[in-house]
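What follows is a single structure, written as structure tokens, with notes after it.
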Amino acid sequence: MSMTMTYLHTFYVVRDDPTNNVPDNIFSKLGVHLHRRDQHPLGILKNAIYEYFDTHYSNKFNKFDDLCPIVSVKQNFDDVLVPEDHVSRSYNDTYYIDPQTVLRCHTSAHQAELLRTEYTHFLVTGDVYRRDSIDSTHYPVFHQMEGFRVFVPEEWEASGMDATLFAATDLKQCLEGLARHLFGAVEMRWVDTYFPFTNPSFELEIYFKEKWLEVLGCGVTEQEILKRNGKPNNVAWAFGLGLERLAMVLFDIPDIRLFWSNDERFTSQFSKGQLGVKFKPFSKYPPCYKDMSFWINESFTENNLCEVVRGIAGDLVEEVQLIDNFTNKKGMTSHCYRIAYRSMERSLTDEEINDLQWKVREQVQSKLNVVLR
Ligand code: PHE
């Protein structure tokens, strides 16, 4: 067996380790750093958020946007109290480089180390990786910004509130202020939720294209995290914000794949490096739909299907959608998926799409061991 070694940020990564589920099309995204381009929507958004924090907190927040996305399972999960049996730890949801090493699935992976290094106010921006379904708002690589703020007892004591309520109130004020800074008037709502690392936990949703879109998760940091990292007498809040989701709303970008486009008709629209631009679609090329039905087996997952499709069609696949699902008398379950192919940049030919679909059918059978109908 040949071993391909790739040098990256001082890590040697064994590419064909059997426990490595990172395909080349994902691996090639490491180091692209869209969030560090000042004339890219993600860089513009990052800078606008920096500006909000710099002005409201007199430059108190330390900023990191170049921490390595290859992290340990401990950093990504254990340090933020993700339970042993939580789905996010599965090979179906997370990209593993080896059993102890993952591509971070959230910027929360850096909370503990930064706390231990005595940072009390920080923003961490970076690329994060998740195996997921395919549609216009999901892409296996996206960008998050983590915010973290530690309070000392004097701060909440002066308020008369208990520490948790004080932190939660401050957090919501901070993020509502940020939303107004970015959007002006926009419809938003708070939704109670659960994260292993915060309690209470909330999500902020923004109304976009007739739908509520989740743009960030946040909450009051679990005391255990502070205790383990040398801050037993403090309270803290944290948030993790999805840059693509916010940027889609802000700049009117209809499809998440566009962020990766090198088409000059996309990139040139952001050359001012400022908010306030609305994306003008250069043209909408027609989508082409192909349906595919098969009998699934116990190990079938939609994420695995999406990975196969993305591995073949790359950014030409716009959506993979389950359109029919039934179980027959013998207990066999059939799924029918509709795959939408569309390029953001050009018209696809019938021949090209048929060729893609043929390869998809072939690999769905050989890699997922399902029986096409
Ligand atoms: N890490 C969470 C996510 O990726 C977001 C989050 C960050 C929630 C910090 C609470 C606190 O979904």
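Does region 222-230 contain at least one residue that is assigned to a strand (DSSP E or B), open to solvent by less than 10 Å² (accessible area, probe 1.4 Å) and either in the same structural domain as V186 (by TED's automatic domain parsing) or away from the ligand (no atom under 15 Å from the Cβ) (or both)?
no
Taking region 37-56 as the region of interest, how many residues are open to solvent by 90 Å² or more (accessible area, probe 1.4 Å) and touching a helix residue (DSSP H, G or I) at 6+ places or on another chain (Cβ under 6 Å)?
Counting residues in region 37-56 that are open to solvent by 90 Å² or more (accessible area, probe 1.4 Å) and touching a helix residue (DSSP H, G or I) at 6+ places or on another chain (Cβ under 6 Å) gives 2.
In this structure, is F259 within 30 Å of W358 (Cβ to Cβ) and touching a Leu at 6+ places or on another chain (Cβ under 7 Å)?
Criteria met by F259.
Report whether or not S58 is within 17 Å of V150 (Cα to Cα), hydroxyl-bearing (S, T, Y) and assigned by TED's automatic domain parsing to the domain that holds L175.
Here the answer is yes, as S58 does meet what is asked.
So, in region 57-73, exactly how many residues are surrounded by 14 or more Cβ atoms within 10 Å (Cβ to Cβ) and more than 17 Å from the chain's Cα centre (by Cα)?
6
Would you kindly identify the strands (runs of 3 or more DSSP E) lying entirely within region 1-103 that contain at least 1 residues that are of a type in the set (K, R), at negative phi and at pLDDT 95 or above?
Here the list reads 62-64.
Give me the residue from region 79-118 that is basic (K, R) and open to solvent by less than 40 Å² (accessible area, probe 1.4 Å) and, out of that set, nearest to the chain's Cα centre (by Cα).
R104
For F282, all conditions in the list (1) more than 30 Å from A167 (Cβ to Cβ); (2) open to solvent by 70 Å² or more (accessible area, probe 1.4 Å); (3) not in a helix (DSSP H, G or I) hold save one; what is the number of the exception?
Checking F282 against (1) more than 30 Å from A167 (Cβ to Cβ); (2) open to solvent by 70 Å² or more (accessible area, probe 1.4 Å); (3) not in a helix (DSSP H, G or I), the one that fails is (2).
Can you tell me which residue among T137, T125 is under 27 Å from V309 (Cα atoms) and β-branched (V, I, T)?
T137
Within region 200-221, which residues are more than 10 Å from the ligand (Cβ to nearest atom) and open to solvent by 60 Å² or more (accessible area, probe 1.4 Å)?
Scanning region 200-221 gives Y207, K209, E210, K211, W212.
Give region 253-308 a look and list any residue that's under 30 Å from H181 (Cβ atoms) and in contact with a strand residue (DSSP E or B) (Cβ under 9 Å, 6 or more places away or on another chain), or say none.
D255, I256, R257, F259, W260
Look through F294, F326 and report the one residue that is part of a strand (DSSP E or B), loosely packed, with under 14 Cβ neighbours inside 10 Å and over 27 Å from the mean Cα position of the chain (by Cα).
Criteria check complete, one pass: F326.
Pull up region 240-279, narrow it to residues that are within 30 Å of S334 (Cβ to Cβ) and in a helix (DSSP H, G or I), then point me to the one that is nearest to the ligand (Cβ to nearest atom).
By that ranking, first place goes to I256.
Which is touching a strand residue (DSSP E or B) at 6+ places or on another chain (Cβ under 8 Å) and either among the aromatic types (F, W, Y) or in contact (Cβ under 8 Å) with a residue 12 or more places away in the chain (or both), of R346, R338?
Checking each option against the conditions leaves just R338.
Among the residues of region 160-198, how many are in contact with an Asp or Glu (Cβ under 6 Å, 6 or more places away or on another chain), within 12 Å of the ligand (Cβ to nearest atom) and open to solvent by 40 Å² or more (accessible area, probe 1.4 Å)?
Selection size over region 160-198: 1.
Of all residues in region 237-272, count the ones that are more than 23 Å from the chain's Cα centre (by Cα) and among the small types (G, A, S).
Of the residues in region 237-272, 2 are more than 23 Å from the chain's Cα centre (by Cα) and among the small types (G, A, S).
The values are calculated or read from the model by the stated rules, or taken from the named source; none is laboratory data. Remember, it's a predicted structure, so these values are computed and weren't measured experimentally. For neighbour counting, all protein chains shown are included, and Cβ atoms are generated from backbone atoms with ideal geometry for every residue, glycine included. When the accessible area is computed, the model is the full protein with side chains, heavy atoms only, and any ligands, DNA or RNA have been set aside. Shrake-Rupley method; radii C 1.70, N 1.55, O 1.52, S 1.80 Å.
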